[in-house]
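A short worksheet on the structure shown next.
The values are calculated or read from the model by the stated rules, or taken from the named source; none is laboratory data. This is a predicted model, so every value here is computed, not measured. A quick note on method: Cβ atoms are made from the backbone with ideal geometry, for glycine too, and the neighbour counts reach across all protein chains shown.
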Amino acid sequence: MSSTPKQLHLGAFMRPVSIHTGAWRYPGAWRDANFNFERLKTLAQALERACFDAFFMADHLAVLNMPIESLQRSHTVSSFEPFTLLSALAQHTTRLGLVATASTTFDEPFHIARRFASLDHLSGGRAGWNIVTTSNPDAALNFGRSESMEHDERYARAREFYSVVTGLWDSWADDAFVRDAESGRFFDPARLHVLNHRGKYLSVRGPLHIARPVQGWPVIVQAGASEAGRQLAAETAEVVFSAPGTLENGRRFYTDIKSRMRVVGRNPDHLKILPGAFVVVGDTLEQARGIRSRLDSLVHEDSAIASLSIALGHDVSGFELDQPLPEIPPTNASQSSRERAIELGQRENLTVRQLAQRLGGYSGLAFVGTPESIADEMQLWLETGASDGFNVMFPWLPGGLLDFVNKVVPELQRRGIFRRAYQGNTLREHLGLPRPGNQFFAG
Ligand SMILES: Cc1cc2nc3c(=O)[nH]c(=O)nc-3n(C[C@H](O)[C@H](O)[C@H](O)COP(=O)(O)O)c2cc1C
């Protein structure tokens, strides 16, 4: 008897249009795509035709913390505000999931609950919340603070923040709005819950003045990889972006998160792990490698050095560039990106300059090859317990995205590991996730 093979889930990681710093200089690139809605609409519709699970909109609350000499090289310096963009895209797509990034360190749970509930209603149940704790220390300067909260404290606040937001989404039972014109009663007060939350970091009365989201709760997404980040993911997330450099690390991360879920009493199938994968498609392996090295050569050295400084949370501009990286102590910035950078430098025996050039482009997991070799790698990750799919990063736009949807997706479909048509309407349905019950009302 033939059984259906495990299915891949695919997100498109848009930051704001490509993660690679050299992308905007690539021949044929849409240099104005950050603020050209028609372009973004075209890309979203191409992803929807290819049956992608979701469009993931990354977001930052300050320009990258690098000197202006480096910043001037980067097209990622500016982008649309995610909710505004995704609300507009919701009107030009019908199935594609729409995931917005929002910060638990600098935003308020009432605002976040409200915006995501609105996006979920507007899009017919396609919203997802990428919970970030914001590691860029400069964000504090845009919110009247002189310094950012300490790393683990950011995560403690995030945990409480999540409870408040989900509590606010459950303010109304699904049947609370009776709208009985005869009796003149719009809603049933017995089907309304007032949260009255008072905790260590937050104080929120409620209720939220928006009906319960179509999906019950928008899908919860998370990307932290430190000890505190993994624990938050195991307790709360339904999708995790991870950034493992190798298949071995991918398997270890996958096993770790799923076993933490069992410890906290969650079903491991209710969380999908989608590593970020930078995918470069060529008709031959040589052509794909050529595209990547062309792209990497378009990253200016100033920008490369600044990217390494950010990854390490430490200014490396004064270092001896042609020597290996010296010992770097941990800082308050992202812990996992520091460890990844140090590990890459040691594994490949790179000088500071070489390591910077890699990080300035994209240094994480990359599949560079033909549609067949890329599908082989994706299938290997899927079938050997290293991932449930990928959050695909395109090398440049529109070409890198179109090559993926026109060449790799059909190959995945031919192998029976990716859908040919959407089966459901909501993001939860695409991901095979249950609709959460209301914690305050049965049924
Ligand atoms: C694929 C991926 C996408 C991310 N997108 C964002 C983002 O849009 N905004 C943001 O502030 N942080 C983003 N992050 C950073 C994470 O939220 C987190 O801060 C980082 O992975 C470090 O985690 P740690 O502090 O637990 O080590 C992303 C991380 C990954 C791996």
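Side notes on the structure shown:
- Of everything listed in (1) within 16 Å of the ligand (Cβ to nearest atom); (2) more than 20 Å from the chain's Cα centre (by Cα), the single unmet condition for Gly167 is (1).
- Only one of Ala139, Ala176, Ala211, Ala127 that is touching a strand residue (DSSP E or B) at 6+ places or on another chain (Cβ under 8 Å), under 20 Å from Asp59 (Cα atoms) and modelled with pLDDT of 95 or more: Ala127
- Filter result for Ser87 (of a type outside the set (A, V, I, L, M, F, W, C), away from the ligand (no atom under 16 Å from the Cβ), assigned to a helix (DSSP H, G or I) and crowded, with 22+ Cβ neighbours inside 10 Å): no
- Looking at Ile291, Ile310, Ile342, Ile328, just one residue is farther than 30 Å from Pro436 by Cα, of a type outside the set (S, T, N, Q) and over 26 Å from the mean Cα position of the chain (by Cα), and that residue is Ile328.
- Just so you know, in region 59-84 the residues that are among the polar types (S, T, N, Q) and assigned to a helix (DSSP H, G or I) include one that is nearest to the ligand (Cβ to nearest atom), and it is Thr76.
- A Cβ distance below 9 Å, combined with a sequence gap of six or more or placement on separate chains, defines the contacts here; from region 424-438, residues that are without any contact (Cβ under 8 Å) to a residue 12 or more places away in the chain reach residues that are not in a loop (DSSP other than H, G, I, E, B) in the pairs Gly424/His430.
- Selection of first residues in region 233-247 that are farther than 19 Å from Glu429 by Cβ and more than 13 Å from the ligand (Cβ to nearest atom) and of second residues that are in a strand (DSSP E or B) and at pLDDT 95 or above, restricted to Cβ pairs under 9 Å at least 6 apart or on distinct chains, gives the following pairs, ordered by first then second residue: Thr236/Ile131; Thr236/Ile220; Thr236/Gln222.
- Selection of first residues in region 324-336 that are at negative phi and of second residues that are within 11 Å of the ligand (Cβ to nearest atom) and at pLDDT 75 or above, restricted to Cβ pairs under 6 Å at least 6 apart or on distinct chains, gives the following pairs, ordered by first then second residue: Thr331/Gly313; Asn332/His151; Ala333/Ser135; Ala333/Gly313; Ser334/Ser135; Gln335/Ser226; Ser336/Ala225; Ser336/Ser226.
- Number of positions in region 26-56 that are outside any loop (DSSP other than H, G, I, E, B) and modelled with pLDDT of 95 or more: 16
- Restricting region 319-338 to residues that are over 21 Å from Asp138 (Cα atoms) and not aliphatic (A, V, I, L, M) leaves a set whose member that is nearest to the ligand (Cβ to nearest atom) is Glu327.
- Subset tally (residues that are aromatic (Phe, Trp, Tyr) and buried (at least 23 other Cβ atoms within 10 Å of the Cβ)) for region 33-52: 1
- Of the residues examined, Gln379 is not one that is out of contact with any His (no Cβ under 8 Å at 6 or more places or on another chain) and farther than 26 Å from Met14 by Cβ.
- Residue within region 237-251 that is aromatic (Phe, Trp, Tyr) and at pLDDT below 95 present: yes
- Within region 9-32, the set of residues being surrounded by fewer than 24 Cβ atoms within 10 Å (Cβ to Cβ), over 13 Å from the mean Cα position of the chain (by Cα) and in contact (Cβ under 8 Å) with a residue 24 or more places away in the chain comprises His9, Trp24, Arg25, Tyr26, Gly28, Ala29, Trp30, Arg31.
- Residue check for Ser148: within 27 Å of the chain's Cα centre (by Cα) and in a helix (DSSP H, G or I): no
- Residue check for Ser70: of a type in the set (Gly, Ala, Ser), more than 30 Å from Arg419 (Cα to Cα) and more than 21 Å from the chain's Cα centre (by Cα): yes
- Residue count for region 112-140 under the criterion of being within 15 Å of the ligand (Cβ to nearest atom) and among the hydrophobic types (A, V, I, L, M, F, W, C): the result is 6.
- Cβ separations smaller than 6 Å between residues 6+ apart or across chains give the following pairs from region 150-179 residues that are touching a residue at least 12 places away in the same chain (Cβ under 8 Å) to residues that are assigned to a helix (DSSP H, G or I) and of a type in the set (D, E, K, R): Ala173/Arg191; Ala176/Arg191.
- Single unsatisfied condition, Arg340 versus (1) at pLDDT 95 or above; (2) assigned to a helix (DSSP H, G or I); (3) buried (at least 20 other Cβ atoms within 10 Å of the Cβ): (1)
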